[in-house]
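The values are calculated or read from the model by the stated rules, or taken from the named source; none is laboratory data. Predicted model only: the values in this text are computed from it and were never measured. Cβ: placed from backbone, ideal geometry, glycine included. Neighbour counts: every protein chain shown.
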Amino acid sequence: MPRLKVLSSTVPTSPTPALFRPMFYAVLRGTKVLSLGNNRFELSAGACAATSFGLPFVGHFEKASRAAPYVAVSLDLDVDLLVDVILQMTRCEDTWVCSASGGQLAGAVGEAFLRLIALTDTTDDLAMLGRHYERELYYRLLQSSMGDTLRQLGQRDNRLRRIKAAADWLCSNTDKPIVISDLAETAGMSVTSFHRHFKAVTGHSPLAFQRQMRLLEARQLLAAGGLSVAKVAFSVGYVSPSQFSREYKSMFGTPPANDLAR
């Protein structure tokens, strides 16, 4: 089941920036702390979370040891299947919520998730029932406290779709300068309204969102090798390598030259 992953750590980790995809995340042991701008989630054993689209976040594991390792399971969402479930359910009023939310594995959500996980023991069962059990999980998630977040993927509110389109544009155009007034105009909002709604959904201001996306892409380029620190800085939209180095160190805790050498 390629979209299903098991994550484990035997040591606590330092806060590390990363990028969410649309996913469901369940903590089975230990504690994970996630921060999205001003939004903070502390997920202990038995807790879960869902995200509706790509979001930069900072996360770290707590309470992990060899005797009691951190263990979690993540499932990248099948967006087409989720939207199909949304459209077949009773329509709910569109709401403006953060694109990440937390909940508990207890009850119907946990039971549906367990049934889906159990299918991985038998290839034939997974091939025959996997899509049906995943559909059941989405139905239960949409009924839970995470439902409003996941319904953003099938949101009928054009304003929210425009906010998502703006976030997607920032993800795909990290090397381009950002003009808030242009993004606001494209979204059909005033600058003040666009800024407020963007932060409500993503947890970040548009500028902070783009900065994190730039630095995450830069880290991938440094890991790949082949480019100097200055070339990486220019390729993700910085005009000053020194500013890039300062912001990179502030976000990742180490200068980009160290990551390149490593």
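What are the pairs, 6+ residues apart or on separate chains, where a residue within the stretch 74-87 that is acidic (Asp, Glu) has its Cβ under 7 Å from a residue that is surrounded by fewer than 16 Cβ atoms within 10 Å (Cβ to Cβ) and modelled with pLDDT of 90 or more?
ASP76/ARG3
Looking at the stretch 180-200 only, could you name the residues that are in a helix (DSSP H, G or I) and free of Cβ contacts under 8 Å to residues at least 12 places away in the same chain?
Once the filter is applied, which keeps residues that are in a helix (DSSP H, G or I) and free of Cβ contacts under 8 Å to residues at least 12 places away in the same chain, the stretch 180-200 yields SER181, ASP182, ALA184, GLU185, VAL191, THR192, SER193, ARG196.
Please indicate, with yes or no, whether at least one residue in the stretch 130-146 is modelled with pLDDT under 85 and polar (S, T, N, Q).
Restricting attention to the stretch 130-146, the residues satisfying the condition of being modelled with pLDDT under 85 are none.
The answer is no; no qualifying residue exists.
Within the set of pairs 6 or more residues apart or between chains, which connect a residue that is modelled with pLDDT of 80 or more inside the stretch 149-176 to a residue that is in a helix (DSSP H, G or I) and among the basic types (Lys, Arg) with Cβ atoms less than 6 Å apart?
Taking only residues 6 or more apart or on different chains, the pairs are THR174/ARG214.
Kindly provide the set of residues from the stretch 52-100 that are at pLDDT below 90 and closer than 20 Å to LEU216 by Cα, ordered by number.
SER52, PHE53, GLY54, LEU55, PRO56, PHE57, VAL58, GLY59, HIS60, PHE61, SER99, ALA100 - these are the residues of the stretch 52-100 that are at pLDDT below 90 and closer than 20 Å to LEU216 by Cα.
Of all residues being acidic (Asp, Glu) and either under 27 Å from LEU150 (Cβ atoms) or touching a Cys at 6+ places or on another chain (Cβ under 6 Å) (or both) in the stretch 164-223, which is surrounded by the most Cβ atoms within 10 Å (Cβ to Cβ)? Just the residue, please.
Among those that are acidic (Asp, Glu) and either under 27 Å from LEU150 (Cβ atoms) or touching a Cys at 6+ places or on another chain (Cβ under 6 Å) (or both), it is GLU217.
Scan the stretch 1-14 for residues that are surrounded by 16 or more Cβ atoms within 10 Å (Cβ to Cβ) and under 29 Å from TYR248 (Cα atoms) and report the count.
Qualifying residue count for the region: 1.
For residues that are at pLDDT below 90 and either touching a Cys at 6+ places or on another chain (Cβ under 8 Å) or part of a strand (DSSP E or B) (or both), tally how many sit in the stretch 20-32.
Number of matching residues: 1.
Would you mind finding the one in LEU126, LEU119, LEU114 that is over 21 Å from the mean Cα position of the chain (by Cα), buried (at least 18 other Cβ atoms within 10 Å of the Cβ) and either basic (Lys, Arg) or not assigned by TED's automatic domain parsing to the domain that holds ALA184 (or both)?
LEU119
Where residues in the stretch 92-109 are within 16 Å of TYR139 (Cβ to Cβ) and free of Cβ contacts under 8 Å to residues at least 40 places away in the same chain, which of them is surrounded by the most Cβ atoms within 10 Å (Cβ to Cβ)?
ALA108
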